[in-house]
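Structure, as structure tokens:
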Amino acid sequence: MKPTSFITSVAAIAAMTFAGATVALAKSTLEIVKERGNLRCQVGTPSPGFYNLDAKGEWYGSDVSICQAVAAAIFGSKKKLEIQSVSSQVRFTALANGESDMLSRTATWTLLRDTQLGLDFTAVNFYDGQGFMVPKDSGITSALDLKGATVCVLTGTTTELNLADFSRVNKLNIKPVTFEDSNVRNDTYLNGGCDALTNDKSGLASNKAAFPNPDDHTVLPETISKEPLAPAVRQGDSQWFDIVKWTVYALVGAEELGVNKGNVDDMRANSTNASVRRMLGVEGNLHEGLGLSKDWAYNIIKEVGNYGEIYEAYMGGGKLGIGIARSGSANALWTKGGLMYSPPFR
Amino acid sequence: MAIVNGEKTAARSAPLTETSFIGWLHKNLFSSWINAILTVVSIYIIYVAVKGIWVWGVEEAVWVAENRRECFKISKDGACWAGVIQWLENIFYGRYPRPELWRVNLGGLLLVVWMAPLWLPRVKNKIFIGLSTVFLYPFLAGYLFAGGDKGIFMQVVVSGAIICLIGNTLHTIIGVFSGGGLPENLTRLLGKTDASDQNQRNTLLAILAAAFVVVFLLQMGWTVEVVPWTKWGGMFLTLVISGIGITSALPGGIILALGRRSRLPVIRVLSTSFIELFRSVPLITILFMATTMFPLFMPEGFVLNKLVQVTIAVCLFSACYMAETVRAGLQAIPMGQYEAAHTIGLGYWGTMGLVVMPQALKHMIPNIVGSFIGLLKDTTLVSIIGLFDILGMLRSISQDVPWRGLHKEPLLFGALLFFIICFIMSKYSRHLEVKLSAGANR
């Protein structure tokens, strides 16, 4: 063998190896998930309404339902799912290093996060916002009455920054009292350690419901920040991005179209509504672009239910719900004055 | 002029202060006005504190309820133990599938059976039993906990462990009832007592091999369902991590300490820098590094078991602390002991293993147990990186919707559990110290 041909063959082998490596790296998230046989969905440490452990060790909550919906869309079963509970310090790293396939947790969609952390937010599944709670007998009826007040707040969160902004803009001179642990914060508030408590409104509702005398406290009407919460995926895989995004839209769309867990079989068999037929895979080929099976949306609704059902169960008045009223809030359907809106299924 | 009494004076009875209860009170608690006042005040403070805890934790407490709201309805000022009781399985076993809990219990039971002979005075060959606990038990327990398909390696080790367990148990029973051990009794049973040593050994080896084949064939049909590590949790996970950490800490620490005192520069520098590196960083940093940074250096899609990463991190960390404890013990041994060992012709390992270590370890016991207890408590840090160990579970109760805000009771319960375990460990170390220093009290 002449030296040149030897070098050429080495180069060829090397090129093939690298090509192989690139192919392996370029494998889409959907392929990886299907090959593995389950979806790795990241949530946070337990937080009422969004993700919780029950006494049997099972996960439940509205964000857990989003994970289940994506698993159902891919595999036809919500059980093919591994919930990863990750603390907020390492949530984005765990997505970036491939440990998790998607993030379904209370991460606020901000420009900075969307552009600089290597992740893409899909579609908003809950609109939250920061508010205040005060004891009823304090006579305070508006957040603007909180002049010079002490306010209990969790440290190291955007909640703390929002409070500072709000205080500065309105010249209220609010004195924050910071805590690491939400339970300690609540106890301090209950024992009169501060005049008001600030948190996301969903959090306030669940905090209040846990007090010995919930009726002695009231949530002030002002919302001082925007906290759109959306599932997020790694940047650079638009098929995967579409799957997660359209799973959320399928949940909302199903509610718009009146399809729910109970009637989905009937709807698939008998509905004459073209939108319903397209969504449930009776007509058309909407599934092809997503790379999923024809009945992906049917599986979502059959296994998990529509957006309204999820909301009622975990955010609303259900047995495991934290009791936040939906009507009149941003989380109502657009037809009822809210912001929940699904692009058309066609 | 000498006064000499021929008769022995009769012994007077001890003064009242030494014998009667009132005397004792007078001497110890009411010896002066100030002490009397202090005593009364202290007793009052203790009374108030104990009564408060009693009323809150027992008298007014709610033991049975569906959710926290119901607890409040029954009693507003009492503890709500109902939530803790409902979560007991989570607290002890984490998310381990409920029908499979017997595996965790069996694993614990096997450990007790395996280690019990170490405490029974008449059993011989304790070193062998101890070594088999460290090297074989973890594989059997590991398979029991994790389940799934056994590879060929696992099949061999599991068979070995089962044989060892059977052998240990028989050996212990024979030892307790008749003295002597399993090998002698087997030879006697076969009527080979008078045969040559080699013959005896070969017979025993043949029996062992036969037993191995039988057990190997039997265990091939035995598989248990896979339980992924993500479902491990609670007290079980805490004990697994700290158990592995504790078992590996002492050997690792001894090696590192000897390395640090070595005369070979490479070994010394490597050991020293390793120890100093891990000791100067907080455990939580090491855990974060192991779980989040490490995968970034690995190829994409390569996910290492987080539990393994955490366990390795804990082992390295505890070995480094242990190394310094061991080094302190080694330095307490006077030079004369080394010289004496050399005089009778012992080499390095002989000196260390037969003369220095046995004396040094005795001195180290309080510190060793101290670091074990510290390690057990430190492992609760893994709850921060998302493993649901006992602390993670205790904190989750307050977020479960039916039990929202219930956080004092679970943490108190956890404190009690930790106290019990740590107190037993520390009592045992006291006992060990007394036992090992029996020579000093002669």
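The values are calculated or read from the model by the stated rules, or taken from the named source; none is laboratory data. Computed from a predicted model, the values in this text were never measured in an experiment. Cβ: placed from backbone, ideal geometry, glycine included. Neighbour counts: every protein chain shown. To get the accessible areas, we keep the full protein, side chains included, count just its heavy atoms, and leave off ligands, DNA and RNA. Shrake-Rupley method; radii C 1.70, N 1.55, O 1.52, S 1.80 Å.
One table, with the values for the structure above:
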quantity: Residues being surrounded by 13 or more Cβ atoms within 10 Å (Cβ to Cβ) and under 35 Å from the mean Cα position of the chain (by Cα) - total across segment B:194-206; calculated: 1
quantity: Qualifying strands (runs of 3 or more DSSP E) (wholly inside segment A:64-131; at least 3 residues being closer than 22 Å to residue B:291 by Cα); calculated: A:81-85
quantity: Residue B:413 being within 30 Å of residue A:322 (Cα to Cα), out of contact with any Phe, Trp or Tyr (no Cβ under 7 Å at 6 or more places or on another chain) and away from chain A (no Cβ under 14 Å); calculated: yes
quantity: Any hit, segment B:328-351, residues being more than 27 Å from residue B:239 (Cβ to Cβ), open to solvent by 20 Å² or more (accessible area, probe 1.4 Å), of a type in the set (Val, Ile, Thr) and out of contact with any Phe, Trp or Tyr (no Cβ under 7 Å at 6 or more places or on another chain); calculated: yes
quantity: Helices (runs of 4 or more DSSP H) fully within segment B:334-399 counting 1 or more residues that are under 30 Å from residue A:91 (Cβ atoms); calculated: B:357-378, B:390-397
quantity: Residue satisfying all of: in segment B:55-112; hydroxyl-bearing (Ser, Thr, Tyr) and facing chain A (nearest Cβ under 9 Å); nearest to residue A:58 (Cα to Cα) among these; calculated: B:96
quantity: Qualifying position, being under 27 Å from residue B:225 (Cβ atoms) and surrounded by fewer than 13 Cβ atoms within 10 Å (Cβ to Cβ), among B:145, B:177, B:135, B:153; calculated: B:153
quantity: Entirely in segment A:136-216, the helices (runs of 4 or more DSSP H) that have 2 or more residues that are open to solvent by 60 Å² or more (accessible area, probe 1.4 Å) and within 14 Å of chain B (Cβ to nearest Cβ); calculated: A:182-190
quantity: Filter pass, residue B:156 being at pLDDT 85 or above and either assigned by TED's automatic domain parsing to the domain that holds residue B:432 or not acidic (Asp, Glu) (or both); calculated: yes
quantity: Residues that are within 14 Å of chain A (Cβ to nearest Cβ) and part of a helix (DSSP H, G or I), drawn from segment B:197-236; calculated: B:229, B:230, B:231, B:234, B:235, B:236
quantity: Candidates A:283, A:309 - the one that is free of Cβ contacts under 8 Å to residues at least 60 places away in the same chain, touching a helix residue (DSSP H, G or I) at 6+ places or on another chain (Cβ under 7 Å) and open to solvent by 20 Å² or more (accessible area, probe 1.4 Å); calculated: A:283
quantity: Complete set of residues in segment B:71-84 that are under 19 Å from residue A:214 (Cα atoms) and out of contact with any Pro (no Cβ under 9 Å at 6 or more places or on another chain); calculated: B:71, B:73, B:74, B:75, B:77, B:78, B:79, B:80
quantity: Failed item in (1) within 17 Å of residue B:165 (Cβ to Cβ); (2) under 31 Å from the mean Cα position of the chain (by Cα), with residue B:228 passing the rest; calculated: (1)
quantity: Hits in segment B:237-247 - residues which are more than 14 Å from chain A (Cβ to nearest Cβ), open to solvent by less than 70 Å² (accessible area, probe 1.4 Å) and in contact with a Leu (Cβ under 9 Å, 6 or more places away or on another chain); calculated: B:238, B:240, B:241, B:242, B:243, B:245, B:246
quantity: For residue B:42: the one exception among (1) open to solvent by less than 70 Å² (accessible area, probe 1.4 Å); (2) within 14 Å of another protein chain (Cβ to nearest Cβ); calculated: (2)
quantity: All positions within segment A:53-78 that are touching a helix residue (DSSP H, G or I) at 6+ places or on another chain (Cβ under 6 Å) and closer than 18 Å to residue B:399 by Cβ; calculated: A:53, A:55, A:57, A:61, A:62, A:65
quantity: Matching residues, segment B:50-70, being in contact with a strand residue (DSSP E or B) (Cβ under 7 Å, 6 or more places away or on another chain) and touching a residue at least 60 places away in the same chain (Cβ under 8 Å); calculated: B:68
quantity: Selection from segment A:78-114 of residues that are open to solvent by 30 Å² or more (accessible area, probe 1.4 Å), in contact (Cβ under 8 Å) with a residue 12 or more places away in the chain and either under 24 Å from residue B:307 (Cβ atoms) or among the hydroxyl-bearing types (Ser, Thr, Tyr) (or both); calculated: A:80, A:81, A:82, A:88, A:91, A:92, A:96, A:106
quantity: Subset of segment A:52-77 [within 23 Å of residue A:254 (Cβ to Cβ), within 9 Å of chain B (Cβ to nearest Cβ) and crowded, with 24+ Cβ neighbours inside 10 Å]; calculated: A:61
quantity: Residue under evaluation residue B:122, criteria (1) more than 22 Å from the chain's Cα centre (by Cα); (2) open to solvent by less than 30 Å² (accessible area, probe 1.4 Å); (3) in the same structural domain as residue B:178 (by TED's automatic domain parsing), criterion not met; calculated: (2)
quantity: Test for residue B:377: is it in contact with a Cys (Cβ under 9 Å, 6 or more places away or on another chain), open to solvent by 20 Å² or more (accessible area, probe 1.4 Å) and of a type in the set (Lys, Arg); calculated: yes
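Results for (1) under 17 Å from residue B:93 (Cα atoms); (2) more than 14 Å from chain A (Cβ to nearest Cβ); (3) at pLDDT 90 or above, shown as yes or no for each residue.
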| residue | (1), (2), (3) |
| --- | --- |
| B:385 | no, no, no |
| B:390 | yes, no, yes |
| B:394 | yes, no, yes |
| B:405 | no, no, no |
| B:418 | yes, yes, yes |
| B:421 | yes, yes, yes |
| B:424 | no, yes, yes |
| B:435 | no, yes, no |
| B:439 | no, yes, no |
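So that you can scan it fast, the table gives a plain yes or no per residue for (1) modelled with pLDDT of 90 or more; (2) under 29 Å from the mean Cα position of the chain (by Cα):
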{"residue": "A:165", "(1), (2)": "yes, yes"}
{"residue": "A:170", "(1), (2)": "yes, no"}
{"residue": "A:177", "(1), (2)": "yes, yes"}
{"residue": "A:181", "(1), (2)": "no, yes"}
{"residue": "A:191", "(1), (2)": "yes, no"}
{"residue": "A:196", "(1), (2)": "yes, yes"}
{"residue": "A:199", "(1), (2)": "yes, yes"}
{"residue": "A:205", "(1), (2)": "no, yes"}
